[in-house]
Structures are given as structure tokens and as C-alpha cells.
1. What pairs in 196/218; 187/229; 187/245; 190/253 have C-alpha atoms more than 23 Å from each other?
2. Output the peptides 27-35, 228-236 sorted from most to least packed, where packing is the average of other Cβ atoms within 10 Å over each peptide's residues.
3. Peptides 151-161, 137-147: what's the order by average Cβ count within 10 Å, highest mean first?
4. Just subtract the alpha-carbon distance of residue 258 and residue 157 from 0.36 nm times their residue separation and send over the number in nm, one decimal.
Amino acid sequence: MGEWSTAGWTWGNLGIQTNATEGQFQQLRQELQSLHSLLERFSPVAGTVDSIVWMPNSEGDYSTRSEYDILALLRFGEAWSNSSPSCFSVIWEAPFPQRIRAFGWRCAHNRIPPKEELSFRGINLSVNNLLCVYCAEVVETCDHLFLGCTFAKLMWLEVFDWLDVSANLGGELVSSLGLWIQECRNKGIKNGFASKVWLAVLWSLWCYRNDIVFNNVKACPSDLGWSVKFKVWKWSCAGNITYSKCDYYDFCKNPLFFEG
Ligand SMILES: [Zn+2]
């Protein structure tokens, strides 16, 4: 199969006999090279027994849910994330205030009116007025405001750190909820809690953006971090007697304590 060296494991000819004619040998060598390129990512671990691992699940165990997610993603791509009832039903069913739920629905369907959209609808804004209120470098779109802006990225990084989740949410708001829920699920975080965090980040960014535009508030990323945590705590307490006994500062230190 191969051999160990100081540099690690090197795949050999895998027991394939090469005593063929020259023409056959050429073809065999090409196939062997292709096989080696596939095997490059894998190497044996000394002292362990071989086992079967289901890669789509972070635990390595097969589940019909993870297979469904993979097949749905392959079949529908981002369109699945955009329209999957499994993603958005968690927002509709969670005990959010009505206006927050409506905001989530509008985000999920790209119905939030950033400056670019207002301009498109005929509202007269100067070129400078079209820029993002946070960074003042890029035209304000929903995708930029909630995901692409340096300010938003700082916000998300703080949330990743808070929940110990690392995620690539892509560049499109409409597919970010599906990606976020998937990453959280890989860490054992339930859909309801993941959707609460997603919505709290967006709602905080939107409210703060409006404060900057209409009330001349100065942008401060650390304020927003606390705002997101407070919203998630408040929404978790609503209608949940267990959470309502949890002190806000304890919740900030251990946000998943009641989610296990
Ligand atoms: Zn920006």
C-alpha cells in the first residue's frame, strides 16, 4: 500500500501489478496518479483501527437528517437555503415580538430598504448618501450592511467567539440563515437558538444603523456586541420559565447552558 518515513505516510503502488505492456503501463500509470491525487488528503494514523466515518456529520455518524441536508443542497443549491421551510419556520414559530418576526421575514426575502434600494425606488440621494453608514466606503446594500461591511464582520466575529462557532456565511443575506443554522447544528446548537442569534445580529445592526442616520449616533462595535447578547437573552426569557431564572451576565458567560 505504502510506507512510513520521517516525513509521514507515502502511498505506494497500492498492490497494483505493473508487469504490463508499455502501452498498458502508460494508462495504468495515469490511473495510478489520479488515484494518488485522490488519496493525498488521507493518510493512516499509526496505532488506530480503521473505521467508517460519515463526513457530512461533524460527529462522523450517519444520520438521515445530514443526508437530507446534503442532497437538498446538491439538488437546490442556494435556492434551498432561500426557501427552505426548515430554516424559516424556526423564525415563524419562535416567540419573537411581531415586528421582529416581520423584520426577519423581510431580511430573508431581501425586502429591507437600504439606500441602494431607496435610490432604485426613485428617492433622490446624492452619491455620498448612498454609502454605507458604518464604513462609508461601499454603496449600502442588504448583503453589505449585514454581512460584508467591516463593521458587520466585527459583529459576527464577536458572535462566533461567544458561541465558539466558526462559520462562513457567504455574501448573500438570503442564504446566510441556512448556512448559519447548519454551522450551529454541527456544534450541537438547536435551530431555534441559532435563528434567535441570526435575527438579533441583523436587528441590532439595522436599529443601530437607523440611530446613526436619524439620531447622529456614533458607531461603536462593542455596544452592538452587548446589544445582540441582550436581545438573545430577552427573547429566550420570553415564554420560557427556565431562562427567566437566568441572570443576564451568567447568560453572557454561558449562553448555551440551557440549550443542552
Ligand atoms: Zn460598510
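1. Values: 196/218 26 Å; 187/229 19 Å; 187/245 25 Å; 190/253 18 Å.
The pairs that break the limit, which is 23 Å between Cα atoms, are 196/218; 187/245.
2. The peptides rank, most packed first, as 228-236, 27-35.
3. 137-147, 151-161
4. 34.1 nm
None of the figures in this text is laboratory data; all of them are computed from the coordinates on show. All values reported here derive from a predicted model rather than from experimental measurement. Virtual Cβ from ideal backbone geometry, glycine too; neighbours counted across all protein chains shown.
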